[in-house]
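Chemist: Please see the structure below; I have some questions.
The values are calculated or read from the model by the stated rules, or taken from the named source; none is laboratory data. These numbers come from a predicted model, not from an experiment. Here the Cβ positions follow ideal geometry from the backbone for every residue, glycine too, while neighbour counts run over all protein chains shown. Surface accessibility is based on the protein's heavy atoms, side chains included, excluding ligands, DNA and RNA. Shrake-Rupley method; radii C 1.70, N 1.55, O 1.52, S 1.80 Å.
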Amino acid sequence: MSREEFFKLLKRLADANGPTGRESWVRQIVIEELKEVADEVRIDSLGNVIAVKKGRGTGKFMLAAHMDEIALVVSYIDDKGFIRFLPVGGVIERNIVGQRVRIVTRSGRVVKGVIGLKPPHAAKPEEARQLPEMREMFIDVGASSRSEVEALGISVGDFVVFDRDLELLGEKRVTGKALDDRVGVAVMITAFKELGELDVNVYAVATVQEEVGLKGARTAAYSIDPHAAIAIDVTIAQDIPGVDEAEYVTRLGKGPAIKVIDGRKGTGLISDLRIVDKLVEVAKAKSIPFQMEVAPGGTTDASAINLVREGIPAATVSIPTRYLHSAVELLDLDDAINAAKLLKEFLESIDSEWVSKLRGEKIK
Ligand code: CO
Ligand code: ZN
């Protein structure tokens, strides 16, 4: 797929509003994209999209990429029309001050607002240096009373996402909101569409509620019962000023990352080495650039899938991304395009015998 085509697909996905637990708008796009090439597509009870491409054999291989994005939820509307909120997923204070936001109302209508703060002119120097706590922050939608806010269709329980559209920076880097994990979804769709002859049956799963505890992946893996799985998600790229090279984790433009371990002290996923080695072998054989990833924190859907039923061997292919969980996440399109290529080549190269052995063998 060309950069232009991939950018178009990613923009469609990233600009859509998909707060965790309210993924319907993203889900619609995913279904449209997968429907034409899949042998089967279904939505399960939690809202995961499961698309299947059939192979010659009986092996089942699952891909997972999450549709949801970190969000806020309206918790209170005051008399003067200011809106209080709580975080949904890994939202941090310093990434939301001064941001424009979209409130997604019950009717699906979107109302824009800003996260307000005292101007520096009025704040004491000490106060100006400090970040307010989230409970002191508020959203201003330009209303001056609670009834005006309600007249806009906003009610307690509505979800809020960053108001940011994807932009190209230079020739091949992009910035926007929700690249975590719409880029994973775009990579999965691209790989799935380009799959040729297969021996294994490939399940492409666009999951829900990853950002609040890897929920959709867990139930989807239980119902599919795959022999093995790969999650596709973003990872830390700290190749920025002020960070020691030893702590970059990954770098932009150096290819997709093949993860070895993640989570604090390895409490996330420890990737199945047989899958890792196969990914490396395929990348080398097909001259696809890649980097190895050892992440100090954070994890993905693969951790949940790994512990379903009697255990499902899992690994992760990551797209290096700067400024995670902010409105200006930034990545290199070529890393994503190469991730799709790596997954396509990997899935075409494995067979049912190989994947079934991953789930264990009878010794005697
Ligand atoms: Co995330
Ligand atoms: Zn993610």
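Chemist: Just a yes or no: is a residue in the range 256-267 closer than 27 Å to T175 by Cα, away from ligand 1 (no atom under 16 Å from the Cβ) and open to solvent by 10 Å² or more (accessible area, probe 1.4 Å)?
Modeler: yes
Chemist: While we're on this one: If the requirement is being of a type in the set (D, E, K, R), under 18 Å from T207 (Cβ atoms) and touching a helix residue (DSSP H, G or I) at 6+ places or on another chain (Cβ under 6 Å), which of these qualifies: E69, E93, E33, E23?
Modeler: Every option except E33 fails the conditions.
Chemist: Say we look at the range 56-83 and pick out the residues that are open to solvent by less than 20 Å² (accessible area, probe 1.4 Å) and assigned to a loop (DSSP other than H, G, I, E, B); which of these is nearest to A221 (Cα to Cα)?
Modeler: G59
Chemist: Identify the single condition in (1) outside the structural domain of D334 (by TED's automatic domain parsing); (2) within 29 Å of R27 (Cβ to Cβ); (3) touching a residue at least 24 places away in the same chain (Cβ under 8 Å) that A186 does not satisfy, given that it satisfies every other one.
Modeler: Of the numbered conditions (1) outside the structural domain of D334 (by TED's automatic domain parsing); (2) within 29 Å of R27 (Cβ to Cβ); (3) touching a residue at least 24 places away in the same chain (Cβ under 8 Å), the odd one out for A186 is (1).
Chemist: Just the residues that are open to solvent by 60 Å² or more (accessible area, probe 1.4 Å) and not hydrophobic (A, V, I, L, M, F, W, C), please, taken from the range 350-364.
Modeler: Correct list: D351, E353, K357, E361, K362, K364.
Chemist: Looking at (1) hydrophobic (A, V, I, L, M, F, W, C); (2) outside any loop (DSSP other than H, G, I, E, B); (3) in contact (Cβ under 8 Å) with a residue 12 or more places away in the chain, can you tell me which one I240 breaks?
Modeler: (2)
Chemist: Go through (1) more than 17 Å from I305 (Cβ to Cβ); (2) more than 16 Å from ligand 1 (Cβ to nearest atom); (3) open to solvent by less than 10 Å² (accessible area, probe 1.4 Å) and name the single condition R251 misses.
Modeler: Checking R251 against (1) more than 17 Å from I305 (Cβ to Cβ); (2) more than 16 Å from ligand 1 (Cβ to nearest atom); (3) open to solvent by less than 10 Å² (accessible area, probe 1.4 Å), the one that fails is (3).
Chemist: Out of (1) modelled with pLDDT of 95 or more; (2) open to solvent by 20 Å² or more (accessible area, probe 1.4 Å), the odd one out for V111 is which?
Modeler: Against the list (1) modelled with pLDDT of 95 or more; (2) open to solvent by 20 Å² or more (accessible area, probe 1.4 Å), V111 comes up short only on (2).
Chemist: Considering every residue within the range 305-323, establish whether at least one is assigned to a loop (DSSP other than H, G, I, E, B) and under 16 Å from the mean Cα position of the chain (by Cα).
Modeler: Scanning the range 305-323 turns up at least one residue that is assigned to a loop (DSSP other than H, G, I, E, B) and under 16 Å from the mean Cα position of the chain (by Cα).
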